[in-house]
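In what follows, a structure is listed as structure tokens, so that the remarks can point back to it.
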Amino acid sequence: MVTAKIAPSLLSGDFARLAEECERMLGLGADYLHMDVMDGHFVPNLTLGAPIIKSLRPHTKGFLDCHLMVSNPEQWVDDFASAGADLFCFHYEATEDPAALIEKIHAKGMKAGMAIKPKTPVDVVYKYAPTLDQVLVMTVEPGFGGQSFMSDCMDKVRELRSKFPELDIEVDGGLAPENIEVAAKAGANVIVAGSSIFKASSPESVISLFRKTIQDVQAAA
Ligand code: DX5
Ligand code: ZN
């Protein structure tokens with residue numbers, strides 16, 4: 001059975017204190033550190049790139065789950081690998097040849113993830129899923145933190161889970177205590193959350209609630 005993994009999105013953290021924020025999240029129970037890479041082209045926002053990952057790497061042992069919202073993701077595989085990224089997740093919509101890209105990511109020693117935007121049908125993932133380490137079903141339009149969770153994306157998670165019981169299925173965008181149960185019941189096991197963790201009075205309680213909800217849903221199944 002797939003295990004629950006909670007991935008705070010550092011996009012909601014203090015970029016000036018990135019290493020401390022990462023260590024703080026790991027200390028509060030985070031499994032992954034979700035790093036949102038945006039190029040101002042694939043999405044209308046600009047965040048960070050491989051140099052920041054490289055600077056961060058010596059300061060944390062955390063699993064760097066890098067979500068590349070960029071055009072031409074092929075261009076950045078080498079840089080992210082040498083920067084020390086653990087997982088390179090590209091967008092299906094951003095590449096012509098997902099199979100070659102997955103191979104390239106693996107050849108560089110990283111785990112490979114593929115993300116789909118809310119309007120992209122889930123069946124595009126099927127032929128690549130057996131070679132992927134993780135699939136990310138976006139639950140907001142990529143580009144910004146703090147948007148509302150789109151519950152209609154849960155049908156895609158449900159379908160994916162029924163076809164791939166052992167796949168790590170990540171959801172990203174608007175995840176919060178109010179909707180974690182819906183996501184867990186659909187079959188998501190990797191939960192990205194920015195605002196709901198970083199803005200909480202007790203981020204630790206939110207992280208443990210996310211984990212417990214997934215575990216409870218799995219136990220009841
Ligand atoms: C959005 C990013 C998300 C974002 C999530 O494009 O991919 O990772 O940080 O933030 P919240 O949880 O605030 O929606
Ligand atoms: Zn993300």
- Message: Within a 10 angstrom radius of the beta carbon, how do 60, 3 rank from fewest other beta carbons to most?
- Response: 3, 60
- Query: How many percent of DSSP beta bridges within segment 8-121 run antiparallel, rounded to 5?
  - Reply: 5 percent
- Note on the structure: Rh_Kirkwood(segment 1-57) over Cα pairs, Å, one decimal, evaluates to 12.4 Å
- Go ahead and run the numbers for FRET between residue 96 and residue 45, Cβ-Cβ distance against an R0 of 25 Å, rounding to 0.05. 0.60
- Task: Return the distance in nm (one decimal) between the two label points of a simple spin-label model at residue 220 and residue 123, each offset 7 Å from Cα along Cα→Cβ.
- Result: 3.2 nm
- Note on the structure: Per-residue ellipticity at 222 nm attributable to helices in the chain (runs of n ≥ 4 DSSP H, -39500 (n - 2.57) apiece, nearest 500 deg cm²/dmol) works out to -9500 deg cm²/dmol
- Task: Mind giving me the nanometre distance, one decimal, between the label points for residue 3 and residue 141, set 7 Å out from Cα along Cα→Cβ?
- Result: 3.8 nm
- Hey, fewest Cβ within 10 Å first, where do 131, 139 land in order? 131, 139
- Message: Roughly how far apart, in whole Å, are the Cα centres of segment 99-153 and segment 59-90?
- Response: 14 Å
- Item | Share antiparallel - DSSP beta bridges, the chain, percent rounded to 5 | 5 percent
- Item | Using θ = phi - 60° and Karplus 6.51 cos²θ - 1.76 cosθ + 1.60, couplings along segment 29-37 (whole Hz; Gly, Pro as x) | x, 5, 9, 10, 10, 8, 10, 8, 9
- Query: Using the Kirkwood radius built from alpha carbon pairs, what does the Stokes-Einstein equation give as D for the chain at 37 °C and 0.692 mPa s, in µm² per second?
  - Reply: 192 µm²/s
- Query: Which Cα, out of 140, 153, 188, lies furthest along the positive dipole direction of segment 5-220 (beta carbon charges, K/R +1, D/E -1)?
  - Reply: 188
- For 15, 88, 63, order by how many other beta-carbon atoms lie within 10 Å, fewest first: 15, 63, 88
- Candidate span helices, the chain: DSSP H, at least 15 Å along axis from Cα coords, Kyte-Doolittle average at least -1.0, result 203-220
- Item | Note, ³J(HN,Hα) from phi for segment 164-174, Karplus 6.51, -1.76, 1.60, rounded to Hz, x at Gly and Pro | 10, x, 9, 7, 6, 10, 9, 10, 8, x, x
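Bear in mind that the values in this text are calculations on the coordinates, not laboratory data. This one's a predicted model, so the numbers in the text were calculated from it and none came from an experiment. Quick reminder, even Gly has a Cβ in these numbers, built from the backbone with ideal geometry, and neighbours come from all protein chains shown.
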